[in-house]
Amino acid sequence: MFQEFSIKIINGLSSSELEAFKYINSHKKEVIEMSIHDLSKAVFVSTATIIRLCKKLDFEGFSDLKYFIKQLIKKQEEKKNEPMPSFIDMLEEELNDIVKTVREIDQSMVDEVVCLMKQDYHIHFFAKGLTDIVFDYAARHLLSLSKYATRYDDTHIAYAQARNFGPKDMVFLASMSGETEQVLRVAQIAKAKGAKVVTFTASKASTLSTIGDYNFNIVNTVPALGEIDTKSRCQLMFILNVIIKRYVISSQEENQ
């Protein structure tokens, strides 16, 4: 159910609303047989909390939410009967997204980012979840080239450091949806402080893409398997590798 709603909506839920949402997600079939009072007792929240949850999820009320769950269960049952993609089909899907991502890379944008990297800029990386692992690779890669870079895996430290950013800071931020609340907040703080913001998203219309001074689009059309995050980060790693390799080549040319 989480994938049916935007991250912005999920992040906008209160703690009690989120608990109710998690319960509904884990007990879909039971919930469609419950009254709103039954659900409130099961989750230990008020009926008013459930009504607010429904409104935030853009439903008229609890009945509409139950109808949505029924349709979602039906769709999931139908999907179970669909044949899984073959190994070759899976490879082609993943490869197509990489190829489409490569075609959208703007060389002039890469060169502008590389030009900044070669100057006396402090480089920072921040992302959440699986995307953060790719940034760990990029930061380590730069360190191996004697280019100092800092990656933040603690959100509160990222916020605190962003408040100290200035015109000589450059922050790389990534979010597949482009709406991850923590990443957006760091982007907004960094922008307000005059830092250069480089963003990577799979949605050109996302909030994060509009904040970035330089935004790289990641083509990521292969659907996730159920509610498990199976979205590939290969495209992000590819773009980062291109940027870093371009940085190395440019630095070597200057030293010749």
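The values are calculated or read from the model by the stated rules, or taken from the named source; none is laboratory data. Here the structure is a predicted model, which is why all the values come from computation and not from measurement. As a convention, Cβ positions derive from the backbone with ideal geometry for all residues, glycine included, and neighbour counts pool all protein chains shown. We work out accessible area using only protein heavy atoms, side chains counted, and drop any ligands, DNA or RNA first. Shrake-Rupley method; radii C 1.70, N 1.55, O 1.52, S 1.80 Å.
Once phi is turned into θ = phi - 60°, what whole-Hz ³J(HN,Hα) does the Karplus curve with 6.51, -1.76 and 1.60 give for every residue of region 198-204, x standing for Gly and Pro?
10, 10, 9, 9, 9, 9, 5
Can you give the alpha-carbon Rg of region 1-147 over 2.2 N^0.38 Å, where N counts its residues?
On the way: Rg = 22.7 Å, N = 147, 2.2 N^0.38 = 14.7 Å.
Against the compact-globule rule of thumb, the ratio is 1.55.
With +1 on each Lys and Arg Cβ and -1 on each Asp and Glu Cβ, how big is the dipole of region 105-236 about its Cα centre, in debye rounded to the nearest 20?
Working: 14 positive and 14 negative charges, 55 e Å.
With only Lys, Arg, Asp and Glu charged at Cβ, the dipole is about 260 debye.
Taking the chain as the reference, fit the longest principal axis to its C-alpha atoms, fit the long axis of helix 15-26 to the helix C-alpha atoms, and give the angle between the two in degrees, 0 to 90, nearest 10.
70 degrees
Give the peptides 87-95, 169-177, 12-20, 195-203 in descending order of average Cβ contacts within 10 Å, highest first.
Working: 87-95: 11.4, 169-177: 24.9, 12-20: 16.0, 195-203: 23.3.
Per-residue mean Cβ counts within 10 Å order the peptides as 169-177, 195-203, 12-20, 87-95.
What is the magnitude of the charge dipole of the chain about its Cα centre, with +1 placed on the Cβ of each Lys and Arg, -1 on the Cβ of each Asp and Glu, and no other charges, expressed in debye to the nearest 20? Could the numbers behind the result be given before it?
Working: 32 positive and 34 negative charges, 113 e Å.
Result for the chain is approximately 540 debye, rounded to the nearest 20.
Shape verdict for region 66-153, please, from the Cα gyration tensor: rounded (a/c under 1.5), prolate (a/b greater than b/c) or oblate.
Values: a/c = 2.97, a/b = 2.10, b/c = 1.41.
The shape class here is prolate.
Write down Rg/Rh for region 1-57, rounded to two decimals, with Rg from the C-alpha atoms and Rh from the Kirkwood relation over Cα pairs.
Numbers: Rg = 10.6 Å, Rh = 11.4 Å.
Rg/Rh: 0.93.
When the C-alpha atoms of region 48-106 are aligned to their principal axes, what extent does each axis show, in angstrom, from largest down?
49, 37, 13
Using Cα pairs under 8 angstrom and six or more residues apart, how large is the relative contact order of region 36-137, in percent? Don't skip to the answer; put the middle values down first.
Numbers: 21 pairs, mean separation 9.5, N = 102.
The normalised contact order for region 36-137 reaches 9 percent.
Tell me which lysines have Cα within less than 17 Å of LYS8's Cα, excluding those fewer than 8 residues away on the same chain?
List returned: LYS22, LYS55, LYS56, LYS128, LYS204.
Under the definition of Cα pairs under 8 Å and six or more residues apart, what whole-number percent is the relative contact order of the chain?
Relative contact order of the chain: 18 percent.
Rounded to the nearest percent, how much of the accessible area of the chain (1.4 Å probe, protein heavy atoms only) is carbon and sulfur?
Values: 7570 of 14090 Å².
Answer for the chain is 54 percent, counting heavy atoms of protein chains only.
Using only the C-alpha atoms of region 137-256, find the volume of their convex hull and express it per residue in Å³.
Values: hull volume 14.6 nm³, N = 120.
Dividing the Cα hull volume of region 137-256 by its residues yields 121 Å³.
Excluding ligands, DNA and RNA, what is the solvent-accessible area per residue of region 1-42 at a probe of 1.4 Å, expressed in Å²?
Details: 2310 Å² over 42 residues.
Each residue of region 1-42 exposes 55 Å² on average to a 1.4 Å probe.
Sorted from largest to smallest, which semi-axis lengths in Å does the alpha carbon gyration tensor of the chain give for its equivalent ellipsoid, taking the root of 5 times each eigenvalue? Spell out each step's value before the answer.
Working: eigenvalues 328, 108, 34 Å².
Its equivalent ellipsoid spans semi-axes of 41, 23, 13 Å.
Which whole-Hz couplings ³J(HN,Hα) result when phi for each residue of region 7-13 is put into the Karplus expression 6.51 cos²θ - 1.76 cosθ + 1.60, θ = phi - 60°, listed in order with x for Gly and Pro?
4, 4, 5, 4, 5, x, 7
Projecting each Cα onto the charge dipole of region 95-143 (Lys/Arg +1, Asp/Glu -1 at the beta carbon, about the Cα centre), which of LEU116, VAL102, THR131 comes out farthest on the positive side?
The residue sitting most towards the positive pole is THR131.
Given SER40, THR221, SER203, which one lies farthest toward the positive end of the charge dipole of the chain, if we put +1 on the Cβ of every Lys and Arg and -1 on the Cβ of every Asp and Glu?
Farthest along the dipole direction, towards plus: SER40.
May I ask for the angle, rounded to the nearest 10°, between helix 130-144 and the longest principal axis of the chain, with both axes built from Cα atoms and the value confined to 0 to 90°?
10 degrees
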